[in-house]
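The values are calculated or read from the model by the stated rules, or taken from the named source; none is laboratory data. Only a predicted model underlies this, so the values are computations on that prediction, with no experimental measurement involved. Glycine also receives a Cβ, built like all others from the backbone with ideal geometry; neighbour counts cover every protein chain displayed.
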Amino acid sequence: MRGALLHAVGDDKLDIRDDLTLADLGPADVRVRIRATGVCHSDLSAMNGTLPQPVPLVPGHEGAGEVVAVGDHVSSVRPGDHVIINWTPTCGECPSCIGGQPYLCMTYVMKGFMEGRFRYDGDKTAFGMAGCGTWAEEVVVPWQGAIKVDPEIPFEAAALIGCGITTGVGAVLNTAKVRPGSTVAVVGCGGVGLSVIQGARVSGATTILAIDPLDSKHELARKVGATHTCAPDQLMDSIATLTGGQGFDYGFEVVGKSQAIMTAWQATRRGGDVIVVGAGALDDQVPLTAFSLLFEGKNLLSSLYGGSDVRRDFPYFANLYKAGKLDLESMISSRIRLTDLNEAVANLKTGEVLRQIVVID
């Protein structure tokens, strides 16, 4: 089958191949034919080493498709079902799962570093990003990694729910629990940032400020729910104009940089919530003082995968989309083919594009 292979961390080019095969299907596994997969900034972070991943690597973690086969012990899905790939499958037995935080489960994440489910060039082993590898025509995942979805949901929309929407909207609904009538600032207007904006709109926030240095992203931010936009160097004026100088109730960082976290901190009022959504580097230190952490009374929260239980949230977000509450079509900047992935990665580096979606017939 076809797929994209990264041979070494830091390589500029993916190896687009047609000789990929999959490991045998285990009794608790599901084989999925990928029909749509997103080009997410986290994929770029895996390629350049910001997010550690084993190599050789088939990137891609935001995907949706159709079940081809299931193992003997699988009863949750069957061949023909439409599914969304869950890149953090829950084991159901670890302290995080039992404690109600399935998004923190590391069981299958760690297995993804040890078990390469792809083969190429005969019998050489390759790994899938986050244990997935959706930049290939088919994947094998644990049954917990394939969540059934309404077949009326287009595969492109379902793929977005698999990461960007769940990460962003979930950060608002699950982590921050934004209240109606609140004020919200969002730092970064990429795909996940736009999802945060949509989540804030759905939650009933009355003022939603989108902060991004690229003017080209401001119009779309307004289209999906932002009430105001500004560049980072205009933030203080916006705080004065929109909040009377107090700051916003919630500040979301959706870039993955310490500087962006500090911008979100600056945007948030005393006693407000600062939510870190972006995936940053291990060595990127956030320069907060002990004085500020105590006396400004702000709550610094992390939101991994939107704090979601995807068994609940994937169908919920799909229903919001069907009801017209989530605008997913506007977030797709282009539909491309697997053979276009090198160009798509180059586009991602510029920051100008939103979600490029690979459509696999």
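Among the residues of the range 110-138, which ones are loosely packed, with under 15 Cβ neighbours inside 10 Å and either of a type outside the set (Val, Ile, Thr) or in contact with a helix residue (DSSP H, G or I) (Cβ under 8 Å, 6 or more places away or on another chain) (or both)?
Narrowing the range 110-138 to residues loosely packed, with under 15 Cβ neighbours inside 10 Å: 110-111, 113-114, 121-125.
Of everything in the range 110-138, those that are loosely packed, with under 15 Cβ neighbours inside 10 Å and either of a type outside the set (Val, Ile, Thr) or in contact with a helix residue (DSSP H, G or I) (Cβ under 8 Å, 6 or more places away or on another chain) (or both) turn out to be MET110, LYS111, PHE113, MET114, ASP121, GLY122, ASP123, LYS124.
Select from the range 293-314 the residues that are out of contact with any strand residue (DSSP E or B) (no Cβ under 8 Å at 6 or more places or on another chain) and either in contact (Cβ under 8 Å) with a residue 24 or more places away in the chain or farther than 21 Å from GLY271 by Cα (or both) and list them in ascending order. Steps first, answer last, please.
Of all residues in the range 293-314, those out of contact with any strand residue (DSSP E or B) (no Cβ under 8 Å at 6 or more places or on another chain) come to 294-295, 304-309, 312-313.
Listed by number, the residues that qualify are LEU304, TYR305, GLY306, GLY307, SER308, ASP309, ARG312, ASP313.
For the range 323-361, how many residues meet the condition of being assigned to a helix (DSSP H, G or I) and surrounded by 15 or more Cβ atoms within 10 Å (Cβ to Cβ)? Working first, answer last.
Applying the first criterion (assigned to a helix (DSSP H, G or I)) to the range 323-361 yields 329-331, 338-350.
Checking which are surrounded by 15 or more Cβ atoms within 10 Å (Cβ to Cβ) leaves us with 331, 338, 340-341, 344-345, 347-348.
So the answer is 8.
Say we look at the range 179-195 and pick out the residues that are among the β-branched types (Val, Ile, Thr) and within 16 Å of THR227 (Cα to Cα); which of these is surrounded by the most Cβ atoms within 10 Å (Cβ to Cβ)?
Ranking the candidates gives VAL186 first.
Please list, ordered by first then second residue, the pairs with beta carbon atoms under 8 Å, 6 or more apart or interchain, first in the range 54-66 and crowded, with 24+ Cβ neighbours inside 10 Å, second of a type in the set (Phe, Trp, Tyr) and assigned to a loop (DSSP other than H, G, I, E, B).
Pairs found: VAL58/TRP135; PRO59/TRP135; GLY60/TRP135; HIS61/TRP87; GLU62/TRP87.
Is it the case that ALA171 is part of a loop (DSSP other than H, G, I, E, B) and not acidic (Asp, Glu)? So that I can check it myself, show each step before the final result.
On the way: part of a loop (DSSP other than H, G, I, E, B): no; not acidic (Asp, Glu): yes.
So ALA171 fails the test.
Within the range 135-161, track down each residue that is closer than 30 Å to GLY225 by Cα and assigned to a helix (DSSP H, G or I).
Our first condition is that a residue be closer than 30 Å to GLY225 by Cα; within the range 135-161, this holds for 147-161.
PHE155, GLU156, ALA157, ALA158, ALA159, LEU160, ILE161 - these are the residues of the range 135-161 that are closer than 30 Å to GLY225 by Cα and assigned to a helix (DSSP H, G or I).
Let me confirm something: among GLU343, GLU253, which residue is assigned by TED's automatic domain parsing to the domain that holds ASN174 and charged (D, E, K, R)?
Details: GLU343 fails: assigned by TED's automatic domain parsing to the domain that holds ASN174.
Result: GLU253 is the single residue among GLU343, GLU253 that is assigned by TED's automatic domain parsing to the domain that holds ASN174 and charged (D, E, K, R).
Can you list residue pairs whose Cβ atoms sit under 7 Å apart, with the first residue in the range 326-343 being more than 21 Å from MET47 (Cα to Cα) and without any contact (Cβ under 8 Å) to a residue 24 or more places away in the chain and the second being crowded, with 16+ Cβ neighbours inside 10 Å and of a type in the set (Lys, Arg)? Count only pairs 6 or more apart in sequence or on different chains.
Qualifying pairs under 7 Å: SER333/ARG355.
Within the range 256-275, is even one residue crowded, with 20+ Cβ neighbours inside 10 Å and at pLDDT below 95?
Yes: one or more hits.
Scan the range 97-132 for residues that are more than 17 Å from ALA146 (Cα to Cα) and not hydrophobic (A, V, I, L, M, F, W, C) and jot them down.
Listed by number, the residues that qualify are GLY99, GLY100, GLN101, GLU115, GLY116, ARG119, TYR120, ASP121, GLY122, ASP123, LYS124, THR125.
Which one of GLY247, GLY225, GLY271 is small (Gly, Ala, Ser) and under 24 Å from the mean Cα position of the chain (by Cα)? Even if it seems obvious, please write down each step before you answer.
Working: GLY247 fails: under 24 Å from the mean Cα position of the chain (by Cα); GLY271 fails: under 24 Å from the mean Cα position of the chain (by Cα).
Checking each option against the conditions leaves just GLY225.
List every residue pair whose Cβ atoms sit under 6 Å apart, with the two residues 6 or more apart in sequence or on different chains, where the first one lies in the range 225-242 and is farther than 18 Å from GLN259 by Cα and the second, anywhere, is of a type in the set (Lys, Arg).
Here the result reads GLY225/ARG201, each pair linking the range 225-242 to a residue that is of a type in the set (Lys, Arg).
In the range 210-237, what count of residues is obtained for those that are within 25 Å of SER302 (Cβ to Cβ) and assigned to a helix (DSSP H, G or I)?
The total comes to 5.
Which numbered condition trips up VAL192, out of (1) within 29 Å of VAL359 (Cα to Cα); (2) free of Cβ contacts under 8 Å to residues at least 12 places away in the same chain?
So the condition that VAL192 fails would be (2).
With GLY122, GLY100, GLY164, GLY92 as the choices, which residue is within 30 Å of GLY324 (Cα to Cα) and in a loop (DSSP other than H, G, I, E, B)? Let's see the steps before the verdict.
On the way: GLY122 fails: within 30 Å of GLY324 (Cα to Cα); GLY164 fails: in a loop (DSSP other than H, G, I, E, B); GLY92 fails: within 30 Å of GLY324 (Cα to Cα).
Result of the check over GLY122, GLY100, GLY164, GLY92: GLY100.
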